């Protein structure tokens, strides 16, 4: 099993470097239509065990030219029991390890969009992906390990 150990140098906490691109089905459709494929977008995601799904900043969605595949109700501590509707998109996501290589990839992942422009990160890595991994968080040492 590949491992990732990352020192938490960000005030945001445990963050991962990822590459975001169009999903495999969207990629194939663009190729078939003779349309150029967007380049992958590097992003930093906060590992968030409180997030049920992975969430990306709306600027990444816009740069990839994605259209919503639907919308889902999202409940946060600030929305209470009512929640609010967020657009859902399909993307390809690759988690980059310390050596620069991929340690995990998903060619078609449903994510939701939000605005992270004031948070110093590009999104949240939620339990939809964490359920496939082993996460060890060592607060005093300021490191975490994520194994797939």
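The values are calculated or read from the model by the stated rules, or taken from the named source; none is laboratory data. All figures in this text were calculated on a predicted structure; none of them were measured in a lab. Please note: Cβ atoms are built from the backbone with ideal geometry, for glycine as well, and neighbour counts cover all protein chains shown.
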>> Condition check: surrounded by fewer than 18 Cβ atoms within 10 Å (Cβ to Cβ), over 16 Å from residue 55 (Cα atoms) and in contact with a strand residue (DSSP E or B) (Cβ under 9 Å, 6 or more places away or on another chain). Does residue 103 satisfy that?
In response: no
>> Given the criteria surrounded by fewer than 19 Cβ atoms within 10 Å (Cβ to Cβ), at pLDDT 95 or above and over 26 Å from residue 142 (Cβ atoms), does residue 42 qualify?
In response: no
>> If a residue must be closer than 11 Å to residue 14 by Cβ and surrounded by fewer than 20 Cβ atoms within 10 Å (Cβ to Cβ), how many such residues does the range 131-148 contain?
In response: 8
>> Given (1) more than 21 Å from residue 16 (Cβ to Cβ); (2) at pLDDT below 95, identify the lone condition not met by residue 62.
In response: (2)
> Out of the range 19-39, which residues are surrounded by 14 or more Cβ atoms within 10 Å (Cβ to Cβ), closer than 30 Å to residue 98 by Cβ and without any contact (Cβ under 8 Å) to a residue 40 or more places away in the chain?
Replying inline: 38
>> Checking the conditions here, which among 37, 41, 82 is over 18 Å from residue 123 (Cα atoms) and in contact with a helix residue (DSSP H, G or I) (Cβ under 9 Å, 6 or more places away or on another chain)?
In response: 37
